[in-house]
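Input: a single structure, listed below in structure tokens.
The values are calculated or read from the model by the stated rules, or taken from the named source; none is laboratory data. Please read all numbers here as calculations on a predicted model, not as lab measurements. Don't worry about glycine lacking a Cβ; one is built from the backbone with ideal geometry, like all the others, and counts go over all protein chains shown. We work out accessible area using only protein heavy atoms, side chains counted, and drop any ligands, DNA or RNA first. Shrake-Rupley method; radii C 1.70, N 1.55, O 1.52, S 1.80 Å.
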Amino acid sequence: MTFEDRLKSVAVDIDATLETYLDAKTSQIEDAMRYAVMGGKKLRGFLVMESCALHNVPREEALKAAAAIECIHAYSLVHDDLPCMDDDDLRRGKPTVHKKWDDATAVLAGDALQSLAFEILGLVDVKAKRRLGAIVSLARASGKDGMVLGQAQDIAAEAAERPLTLDEITNLQSNKTGALILWSAEAGAILGGGDPAPLSRYATALGLAFQIADDILDETGDETKAGKRLHKDEDAGKATFVSLLGLNEAQAKARALVADAIDALSLYDAQADSLRDAANFVISREH
Ligand code: GRG
């Protein structure tokens with residue numbers, strides 16, 4: 001089975017878990033939540049599943065943690081697509097939530113996805129201290145010191161008088177996209193009571209490589225395959241890894257980060273091969 005096939009198969013299981021929490025079909029908000037969270041690559045959920053497997057967290061419980069991180073990720077995309085943020089019409093090849101419904105529905109569906117994430121994580125059946133550790137760390141990763149901070153830094157950068165430096169953009173991205181990727185890779189150690197250090201190093205390198213790959217895709221990708229509007233950063237005159245480093249150096253940096261991510265896994269045997277494959281996937285993906 002190729003890595004992409006394994007990723008798709010785990011995505012089906014994560015979607016099935018999500019469906020159990022979104023099966024009432026009683027409100028427009030719930031329809032919009034289901035629309036937003038189903039589909040996508042489920043890369044963060046995949047990292048949770050692999051990290052949990054390495055730390056002997058039962059699969060049923062791991063699926064809940066994977067569903068939780070995908071709820072947070074989906075909420076961030078729904079809000080990011082709003083006119084007051086990045087203003088996008090297309091996501092995963094479909095109209096964005098505020099285009100299919102309206103702005104209020106998108107705000108509320110995002111809010112409710114965030115709440116649902118913590119509800120599902122609170123139901124993970126592991127030792128209470130570990131469950132609490134996962135809840136607190138996800139709140140931190142997604143909030144004012146993590147993803148929300150990164151989004152605010154991104155918005156501030158648009159109005160700034162000069163483009164960001166490489167250090168500033170690295171810091172912004174480590175918050176905006178890196179924090180959720182880091183949590184995903186650490187989740188198994190948190191829930192299983194293991195040492196998160198090797199996976200933290202893996203995920204820090206992976207998160208940055210993911211973002212550089214996203215910038216490269218924005219510059220060179222195909223909108224039909226990406227399922228979203230491309231060339232936005234360039235059109236907005238925003239600094240990206242590609243604008244700061246040039247395409248070749250950005251590609252070389254992403255490759256070096258992937259090598260570092262894989263090196264961070266040297267402690268683990270073949271059980272971590274899927275994480276090694278995930279690292280290679282983030283810089284070869286077309287969507
Ligand atoms: C609104 C609080 C708030 C935060 C938004 C992550 C984010 C912060 C905005 C997304 C902007 C963006 C497109 C960033 C590039 C990296 C990224 C997160 C891409 C989308 O993630 P994928 O490729 O998407 O994993 P799928 O569709 O596969 O889930």
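With a probe of 1.4 Å, find how much accessible area the range 92-150 has per residue, and write the answer as a whole number in Å².
Details: 3010 Å² over 59 residues.
Normalised by residue count, the accessible surface of the range 92-150 is 51 Å².
Among the complete DSSP H segments of the chain, which ones combine at least 18 Å of alpha-carbon extent along their axis with a mean Kyte-Doolittle hydropathy of -1.0 or more?
Going by DSSP H runs, the hits are 3-21, 59-80, 103-122, 128-142, 147-159, 179-192, 197-220, 247-263.
Rank GLN153, GLN173, GLN28 by mean-square fluctuation in a GNM of the chain with C-alpha springs under 10 angstrom and give only the top-ranked residue.
GLN28
Provide the convex hull volume over Cα atoms per residue for the chain, in Å³. Spell out each step's value before the answer.
Numbers: hull volume 34.0 nm³, N = 287.
Expressed per residue, the convex hull around the Cα atoms of the chain is 119 Å³.
Can you give me the distance in nm between label points at ASP167 and LYS94, each placed 7 Å from the Cα along the Cα-to-Cβ direction?
Computed distance between label sites ASP167 and LYS94 equals 4.3 nm.
Where does the charge balance sit around LEU22 when Lys and Arg score +1, Asp and Glu -1, over other residues with C-beta under 11 Å from its C-beta?
Working: positive: LYS25, ARG34; negative: ASP15, GLU19, ASP23, GLU30, ASP31.
Residues near LEU22 contribute -3 overall.
Given a 1.4 angstrom probe, I'd like the percentage of the accessible area of the chain that is carbon and sulfur, rounded to a whole number.
Working: 6800 of 12830 Å².
Whole-percent figure for carbon plus sulfur exposure: 53.
Round to the nearest 0.05 the FRET efficiency obtained for ASP87 and ALA16 when R0 = 35 Å and r is the Cβ-Cβ distance.
Numbers: r = 33 Å, r/R0 = 0.93.
That pair, ASP87 with ALA16, gives E of 0.60.
Looking at the range 94-135, which trypsin sites (Lys or Arg not before Pro) are DSSP coil and have at most 12 other C-beta atoms within 10 Å of their C-beta?
Numbers: sites: LYS99, LYS100, LYS127, LYS129, ARG130, ARG131; in loops: LYS127.
Sparse-neighbourhood loop trypsin sites (Lys or Arg not before Pro): LYS127.
Divide by every residue of the chain the summed helix terms, -39500 (n - 2.57) for each DSSP H run of at least 4, and state the resulting mean residue ellipticity at 222 nm, rounded to the nearest 500 deg cm²/dmol. Let's see the in-between values first.
Working: 16 runs with 203 residues, N = 287.
That calculation yields -22500 deg cm²/dmol at 222 nm.
Expressed in nm to one decimal, what extension gain is obtained for the pair SER284 and GLU60 from 0.36 nm per residue of sequence separation less their Cα-Cα distance?
77.6 nm
Going by the alpha-carbon gyration tensor, a ≥ b ≥ c the square roots of its eigenvalues, is the range 61-162 rounded (a/c under 1.5) or, if a/c is not under 1.5, prolate (a/b greater than b/c) versus oblate?
Values: a/c = 2.91, a/b = 1.52, b/c = 1.91.
Oblate shape, in that a/c is at least 1.5 and b/c is the bigger or equal ratio.
Can you work out the PRE-style zone for MET1? Point 7 Å along Cα to Cβ, and I want the residues of the range 9-52 with backbone N under 17 Å.
9-17, 41-52, by backbone N distance to the label point.
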